[in-house]
Each structure stands twice: as structure tokens, then as C-alpha cells.
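Bear in mind these aren't lab numbers, they're just calculated from the coordinates by the rules spelled out. Predicted model only: the values in this text are computed from it and were never measured. Cβ sites come from the backbone with ideal geometry, for glycine too, and all protein chains shown count toward neighbours.
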Amino acid sequence: MLDECGQAAAELVAVAPLALVVLLVGWQIVLAGQTLWLCAHAARAAARAAAVGRDAAAAARSALPTELEQGLRVSHTGGDAMRVEVPMPLILREWRTPLTVAASAGLPKGGS
């Protein structure tokens with residue numbers, strides 16, 4: 001019985017780092033998805049602002065959480081279309097990777 005308790009503890013110690021890595025990778029995937037979603041939201045806000053003659057960069061910045069505003073790039077891609085790029089966070093929003101997430105948005109032209 002004593003040997004079995006020691007075996008379970010040894011297995012737990014061996015599996016714990018792997019479980020932590022799996023958890024962190026899963027969290028990074030969730031964070032990347034949220035960043036992409038927020039980037040697309042910022043691109044739509046920038047496109048709406050550009051369509052009415054407002055500051056697209058300010059609109060994109062206002063659509064993002066404060067942690068994602070640093071490194072924000074907004075560019076005009078033609079017409080009312082705007083492209084927004086945001087640095088990809090690493091594990092926490094405050095930490096950055098060299099990768100960026102980008103999204104583009106434009107408003108459809110009205111007409112009959």
C-alpha cells in the first residue's frame with residue numbers, strides 16, 4: 001500500500017509540468033482568438049470613422065483594451081477600407097510577441 005502512494009505522487013510530479021504546458025498553450029490559443037476578434041472590431045470601428053470623415057486611428061484605439069493599444073497600426077487600404085494590426089500578446093496582455101494580428105474592414109457601398 002505504501003508503494004502505491006509513492007507511485008501516485010511520482011506520477012503526479014511527472015504529469016504536473018506537462019499539464020501546466022497544455023494549460024498555457026490552451027490559454028494562448030484563447031488569447032490569440034480574442035485578440036483577433038478585438039482587432040476585427042477595431043478595424044470595423046476605423047472603417048466607420050473613415051466613412052464619416054473622422055480619425056480612424058482614434059476610433060480603432062477606442063475599440064481596443066488599453067493593453068492592446070501599444071503597437072497599434074492603422075492603415076487605409078482604399079475606399080473606406082481600413083486595416084488594423086495589433087501585436088500578439090503572450091500569456092498576459094501586457095507581454096508581447098513579435099507576431100501581429102491583422103484585420104481589415106470596409107463599409108459596403110450603398111445603392112440600388
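Quick notes on this one:
Yes or no, residue by residue, for (1) on the phi > 0 side of the Ramachandran plot; (2) β-branched (Val, Ile, Thr); (3) without any contact (Cβ under 8 Å) to a residue 24 or more places away in the chain:
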residue: 21; (1), (2), (3): no, yes, yes
residue: 77; (1), (2), (3): no, yes, no
residue: 91; (1), (2), (3): yes, yes, no
residue: 106; (1), (2), (3): no, no, no
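- Filter result for the condition that a residue is closer than 30 Å to residue 21 by Cβ and not acidic (Asp, Glu), over 108, 89: 89
- Residue within region 5-23 that is assigned to a helix (DSSP H, G or I) and closer than 17 Å to residue 89 by Cβ present: yes
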